[in-house]
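Take a look at the structure below.
The values are calculated or read from the model by the stated rules, or taken from the named source; none is laboratory data. From a predicted model like this one, the values you see are computed outputs, not experimental measurements. Cβ: placed from backbone, ideal geometry, glycine included. Neighbour counts: every protein chain shown. Heavy atoms of the whole protein, side chains included, go into the accessibility calculation; ligands, DNA and RNA do not. Shrake-Rupley method; radii C 1.70, N 1.55, O 1.52, S 1.80 Å.
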Amino acid sequence: QVQLVESGGGLVQAGGSLRLSCAASGRTFSNYAMGWFRQAPGNEREFVGAITSSGGRTYYADSVKGRFTISRDNAKNTMYLQMNGLKPEETAVYLCAVCRVWGSRHYSEYNCWGRGTQVTVSS
């Protein structure tokens, strides 16, 4: 099982930007499609976006399309989430995970979750 660790979260003002990282252990990282989710207290885990194993294709939730960008560097065993134009309602714990079914936007089709990194967007 691949192990994932998120980092890069913090406090940012509305309209600001953050770049999150998801570092994976193991030499099989390049075999996995990956995804980003976010979860605020009391809310269901929400799909943000996903990327193919090669990094050649991505797809995103409509709410973040045009503002967020997912990329990966398989040589570094790392996936990234660049977030621009952040909004206060996007305050949440951001998590990365391995995708089990390509094209899925639901958390049940992902596994090997990281523990998350907190993103707080102030108004």
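Residue by residue through segment 1-35, note down the ones that are part of a loop (DSSP other than H, G, I, E, B), at pLDDT 95 or above and open to solvent by 50 Å² or more (accessible area, probe 1.4 Å).
Within segment 1-35, Ala14, Gly15, Ser17 qualify.
From the set of residues in segment 91-120 that are part of a helix (DSSP H, G or I) and touching a Lys or Arg at 6+ places or on another chain (Cβ under 7 Å), which is nearest to Ser54 (Cα to Cα)?
In the first step, residues of segment 91-120 are kept if they are part of a helix (DSSP H, G or I); the result is 107-109.
Now restrict to residues that are touching a Lys or Arg at 6+ places or on another chain (Cβ under 7 Å): 107, 109.
Numbers: Tyr107: 21, Glu109: 19 Å.
Of everything passing the filter in segment 91-120, Glu109 is nearest to Ser54 (Cα to Cα).
Taking only segment 36-51 into account, find how many residues are among the β-branched types (Val, Ile, Thr) and open to solvent by 10 Å² or more (accessible area, probe 1.4 Å).
Keep residues of segment 36-51 that are among the β-branched types (Val, Ile, Thr), which gives 48, 51.
Next, from what is left, pick out any that are open to solvent by 10 Å² or more (accessible area, probe 1.4 Å): none.
Matching residues across segment 36-51 total 0.
Consider only pairs whose beta carbons are under 9 Å apart and that are at least six residues apart or on different chains; among these, list those whose first residue lies in segment 59-73 and is in contact (Cβ under 8 Å) with a residue 40 or more places away in the chain and whose second residue is small (Gly, Ala, Ser).
Tyr59/Gly49; Tyr59/Ala50; Tyr59/Gly103; Ala61/Gly49
Cβ-Cβ below 6 Å, separation at least six or inter-chain, first residue in segment 81-93 and acidic (Asp, Glu), second part of a strand (DSSP E or B): which pairs?
Within 6 Å, the pairs are Glu90/Val121.
Just checking, how many residues over segment 65-90 are closer than 20 Å to Gln3 by Cβ, part of a helix (DSSP H, G or I) and not polar (S, T, N, Q)?
The qualifying residues number 2.
What residue, among those in segment 69-119 that are open to solvent by less than 50 Å² (accessible area, probe 1.4 Å) and β-branched (Val, Ile, Thr), is farthest from Leu20 (Cα to Cα)?
Among those residues, the one meeting the criterion is Val98.
Does Arg45 satisfy the criteria of being of a type in the set (D, E, K, R) and touching a Gly at 6+ places or on another chain (Cβ under 6 Å)? Give the steps one after another, and end with the answer.
Values: of a type in the set (D, E, K, R): yes; touching a Gly at 6+ places or on another chain (Cβ under 6 Å): no.
Judged against the criteria, Arg45 is not a match.
Does Ser104 qualify as being at pLDDT below 95, polar (S, T, N, Q) and more than 12 Å from the chain's Cα centre (by Cα)?
Values: at pLDDT below 95: yes; polar (S, T, N, Q): yes; more than 12 Å from the chain's Cα centre (by Cα): yes.
The answer is yes for Ser104.
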